[in-house]
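Some notes on the structure that comes next.
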Protein chains: 2
Amino acid sequence: MAAQEDVTQQILHELTLYGRRVRAVVERAHPDLSFVAYSMLSHVYDEDGCRAVDLARVYGLDKSTVSRQIGALVRRGLVQRDDGGVQALHVTPAGARLLEGARDQQRAMLARRLERWTDAERRTFAELLRRYNVGE
Amino acid sequence: MAAQEDVTQQILHELTLYGRRVRAVVERAHPDLSFVAYSMLSHVYDEDGCRAVDLARVYGLDKSTVSRQIGALVRRGLVQRDDGGVQALHVTPAGARLLEGARDQQRAMLARRLERWTDAERRTFAELLRRYNVGE
DNA sequence: GCGAATAGTTGTATATTACAACCAACCGGA
DNA sequence: TCCGGTTGGTTGTAATATACAACTATTCGC
């Protein structure tokens, strides 16, 4: 029991450490886009056709905040809103280019960080992270 | 090679997902303390005697922002500054109580999330996260 | 002990966010 | 079909967070 609590404590510690640093890392890599704006753009890319209210729920933000952030992305030509009432959101080609460039860069950084890991370790890490996120 | 890139892509995806959600999760758990304030308090707890400039470096924030955030924590009686020029920071007993309560709660939530994992899986997850964070 | 570098504070402008009030579209039942 | 409730979105407003710049105080190397 004590040992298991230690392991839980260790996981908590490492997840916390990662969570605290990720914002600074992402913003350093993309100085022209705030972490929140980047997260929303990325979310719309992954979930094409999602709506502002979905983003608000996922990120725990007020709908007014999302409305303005999306507005800024639209003004910058990165996101497009369907006309009408409920507005499905889509990433524009320009937004997709920006995101794909950013992801290539991030993937390269990550690959460098994991270059001394074995294939098996990488696969295990991916799988455990996935299970953690899904909540299985 | 293609397979390895897929795994890197998967890890990136899961880490990104986690990073985007962690702020909302932490703030929901501690509505009286912003994510940034909580991170700073927690950092001072882990690194007793650290200085404002250290926090600024770690979190990529301006020193003025850190100065004001720490000021708020001091006013709330959670952090104490050494007198003089370079001010080593310490968590007060009240701050420690708040943090330990928060951590117990987080650890309980995490334990619930991992309750169906095997011991070996938990140990592996802790170890891989540690290696990831350290950059090994 | 002096000049340079470092740490911290404060003034100011901007950006982010929440809350509330509001508008528009959609939806069910009579 | 219409009407009221619900949901999604925008805008006004205030509070908060943050960066940058100017400044003060401290520390450090010589």
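The values are calculated or read from the model by the stated rules, or taken from the named source; none is laboratory data. Model, not experiment: these values are computed from the prediction. Every residue, glycine among them, receives a Cβ derived from its backbone with ideal geometry; neighbour counts consider all protein chains shown.
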*Any residue in the range B:77-93 that is surrounded by fewer than 18 Cβ atoms within 10 Å (Cβ to Cβ) and in a helix (DSSP H, G or I)?*
yes
_Test of understanding: among A:VAL58, A:VAL26, A:VAL79, A:VAL7, which residue is away from DNA strand C (no atom under 14 Å from the Cβ) and within 9 Å of chain B (Cβ to nearest Cβ)?_
A:VAL7
*Looking at the range A:113-122, is at least one residue within 19 Å of the chain's Cα centre (by Cα) and either within 30 Å of B:TRP117 (Cβ to Cβ) or surrounded by 10 or more Cβ atoms within 10 Å (Cβ to Cβ) (or both)?*
yes
*Could you grab the pairs with beta carbons closer than 6 Å, sequence gap of 6+ or different chains, first residue in the range A:19-48 and closer than 15 Å to A:GLY95 by Cβ, second one buried (at least 19 other Cβ atoms within 10 Å of the Cβ) and charged (D, E, K, R)?*
A:SER39/B:ARG20
*asked:* Can you say whether B:HIS13 is outside any loop (DSSP other than H, G, I, E, B), away from DNA strand C (no atom under 15 Å from the Cβ) and in contact with an Asp or Glu (Cβ under 9 Å, 6 or more places away or on another chain), as far as the supplied structure shows?
replied: yes
*Quick one: how many residues across the range A:54-64 are assigned to a helix (DSSP H, G or I), surrounded by fewer than 20 Cβ atoms within 10 Å (Cβ to Cβ) and in contact (Cβ under 8 Å) with a residue 12 or more places away in the chain?*
2
*Of the conditions (1) within 13 Å of chain B (Cβ to nearest Cβ); (2) more than 14 Å from the chain's Cα centre (by Cα); (3) modelled with pLDDT under 95, A:ALA88 fails just one. Which one is it?*
(1)
*Looking at B:LEU110, B:LEU99, which is the one that is in contact (Cβ under 8 Å) with a residue 40 or more places away in the chain and either at the interface with chain A (Cβ under 8 Å from one of its Cβ atoms) or assigned to a helix (DSSP H, G or I) (or both)?*
B:LEU99
*asked:* With the structure loaded, tell me whether A:ALA72 is within 15 Å of DNA strand D (Cβ to nearest atom) and crowded, with 18+ Cβ neighbours inside 10 Å or whether it fails that test.
replied: no
*What number of residues within the range B:85-95 are among the hydrophobic types (A, V, I, L, M, F, W, C) and touching a helix residue (DSSP H, G or I) at 6+ places or on another chain (Cβ under 7 Å)?*
2
_Hey, B:ARG51 surrounded by 15 or more Cβ atoms within 10 Å (Cβ to Cβ), under 30 Å from A:LEU128 (Cβ atoms) and not small (Gly, Ala, Ser) or not_ = no
*asked:* Condition check: surrounded by 14 or more Cβ atoms within 10 Å (Cβ to Cβ), within 14 Å of chain B (Cβ to nearest Cβ), under 16 Å from B:LEU12 (Cα atoms) and aliphatic (A, V, I, L, M). Does A:LEU15 satisfy that?
replied: yes
*Please give the number of the condition B:LEU33 fails out of (1) over 20 Å from A:HIS13 (Cβ atoms); (2) aliphatic (A, V, I, L, M); (3) away from chain A (no Cβ under 13 Å).*
(1)
_I'm checking my understanding of the structure. Among residues of the range A:23-53 that are modelled with pLDDT under 90 and in a helix (DSSP H, G or I), which one is farthest from B:VAL58 (Cα to Cα)?_
A:ALA29
